[in-house]
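Can you read through this structure? Questions will come right after.
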Amino acid sequence: MNRTLRWLAWAGTVTLLAFYAHVGMLAAQPQVSHLYRLFYVDKGLRAWNHGKGPVYLLGHELDFREAHPYQSRVGWAYPEEWGTWTDGPVAELHFRVQGLPRSVSMDVNPFVAPQAGLPAQTLRIFANGMAVGEYSLQSAQILRVDLPASAMANGTEFLTLRFEMPQASSPLKLGLSPDARLLGIGVRRFSLN
């Protein structure tokens, strides 16, 4: 009987350790959908600053040479001396705004390589899931995008801007440099007005 109890205790301990190891691996490298991640990113932003999220004041210019709490963890490379590249076909910015934003102003530089068959970068912009603009960018420029009031319907104070760049490409893949990131657009400055 004593031997049986020891064997059961040992088997239970091994099973419990295996379970905790598995849960730890899932936590370290979650394999979840993009929408699931966005839900938790949004939830985390709302919980930050005592449930208020980072507050953005209309008209304040963000310098993308610096990191910002508004940038989600999806789709942005690290800030560089000139600004920040998107990394992948989708990037997002999450805001809690005071007031009703009417437009977005962005100083952007598309990743293009005409010599490698990439003459322009398509940029689609969505505000809270609503399409607000599509552009074919061939050179650096300042974009001004109007935001419809319906994007901030139901009195929400949260704004998610989603940027889709279906032609995001790697300089490594195009044979231009050893940079393996999937570059779409580079952002220097940004503001909501």
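The values are calculated or read from the model by the stated rules, or taken from the named source; none is laboratory data. Model, not experiment: these values are computed from the prediction. Positions of Cβ are backbone-derived with ideal geometry, glycine not excepted, and every protein chain shown enters the neighbour counts. Protein only, heavy atoms only, side chains kept; ligands, DNA and RNA dropped before computing areas. Shrake-Rupley method; radii C 1.70, N 1.55, O 1.52, S 1.80 Å.
Anything in the range 151-176 that is free of Cβ contacts under 8 Å to residues at least 60 places away in the same chain and outside any loop (DSSP other than H, G, I, E, B)? List them, or say none.
Listed by number, the residues that qualify are Ala151, Met152, Ala153, Asn154, Gly155, Ser169.
Here is a further query. Being outside any loop (DSSP other than H, G, I, E, B), open to solvent by 50 Å² or more (accessible area, probe 1.4 Å) and among the aliphatic types (A, V, I, L, M) is the filter here; which residues of the range 111-150 pass it? Give the steps one after another, and end with the answer.
So the first thing to find is which residues in the range 111-150 are outside any loop (DSSP other than H, G, I, E, B), and the list is 113-116, 118, 121-127, 130-137, 141-146, 149-150.
Of the ones still in play, those that are also open to solvent by 50 Å² or more (accessible area, probe 1.4 Å) are 114-115, 124, 130-131, 134-136, 141-142, 144, 146, 149-150.
Residues satisfying the conditions are Met130, Ala131, Ile142, Ala149.
Let me ask something additional. Looking only at residues in the range 151-193 that are more than 15 Å from the chain's Cα centre (by Cα), of a type in the set (D, E, K, R) and closer than 20 Å to Ala67 by Cα, which one is least open to solvent (accessible area, probe 1.4 Å)?
Restricting to residues being more than 15 Å from the chain's Cα centre (by Cα), of a type in the set (D, E, K, R) and closer than 20 Å to Ala67 by Cα, the top hit is Arg188.
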